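Here is the structure we will look at.
Coordinate-derived values only; no laboratory data. What you see is a predicted model, and the numbers here were worked out from it, not measured in a lab. No Cβ is skipped: glycine too gets one built from the backbone with ideal geometry, and neighbour counts run over all protein chains shown.
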Amino acid sequence: MIGLYVFAAAAGVPVMAWFLLSGGDESGGENSGIGGLMLRLLPLSTVAIVTATFGLCGLLLTALDTAAGTTFAGAAGTGAAAGVLNSSVFAYLRRSDSTTSVSDERLSGTVGRVVLPVAGERRGRIAVSVDGQQLYLSARAMPVQSADAELEVGAPVLVVEVSHGVASVVRLDPELT
C-alpha cells in the first residue's frame, strides 16, 4: 500500500503546485468529447488535490504505524474532503465574480483634476473620483471658441464625454469647484 501512497503523492503534489503557481485550471475551455466532459465535471485541479492529499495523508498515517485499513479509509476520506472543499471554494468564487469597471456614460459629468497637462491636440491625463475610488483617464481638451489654452496640472476639469477610454474635458470655472 505504501507504493500507492508514494505514487499518489508524487503524481499529485507537482500538479497541485503547478495549479497554485500558475493561477488556474484551463481545463474548462473548449474541450470536446468524453475527455472534455470529464474535465468539466471534475477539473484537473481537483483531481490533483485529491491525489496529493490522499498520498500525503496515507504516507503520514503509515509513518504513524496506523492499521492498513484505517490508513486507507483515512487517506481516502481526507482526499475526498479536500476535493469537495476545492470544488466548493472555486464554485463560490466563480459565482461571486466582481468587477471594478465603470461605464463611459457614468464618467460623463464628473469633475476631475489634471495630472498631466492637456494642450491642443496633445493628450494628457486626469484623475476623477467615482464611488470613492480614484480613476486615471487619458484626456483631450474639447475645442472651445477661444484660443487653445493649456490645461495645467491641478486644473479642475469637467468630463464632457468618454469615448474609447479617452475623456473629452473642458476647464471648469474655479467658482464651480
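Other residues whose C-beta falls under 14 angstrom from the C-beta of Ser103 contribute a net charge of -3, scoring Lys and Arg +1 and Asp and Glu -1.
Please work out how much length the chain gains when fully extended from Ala127 to Leu21, using 0.36 nm per residue of separation minus the C-alpha to C-alpha distance, in nm with one decimal.
Numbers: separation 106, 0.36 × 106 = 38.16 nm, distance 3.46 nm.
The span from Ala127 to Leu21 would gain 34.7 nm if fully extended.
Computed from the Cα positions only, the extents of region 104-176 along the three principal axes stand at 34, 29, 19 Å, in decreasing order.
Highest mean packing first, where packing is the average number of other Cβ atoms within 10 Å per residue, the peptides 84-93, 151-160 line up as 151-160, 84-93.
For region 104-176, what is the charge dipole size about the Cα centre, in debye to the nearest 20, if Lys and Arg each add +1 at the Cβ and Asp and Glu each add -1 at the Cβ? Please list the in-between numbers first.
On the way: 7 positive and 10 negative charges, 44 e Å.
It works out to roughly 220 debye.
Once both labels are positioned 7 Å from their Cα atoms along Cα-to-Cβ, the gap between Met142 and Ser103 label points is 2.0 nm.
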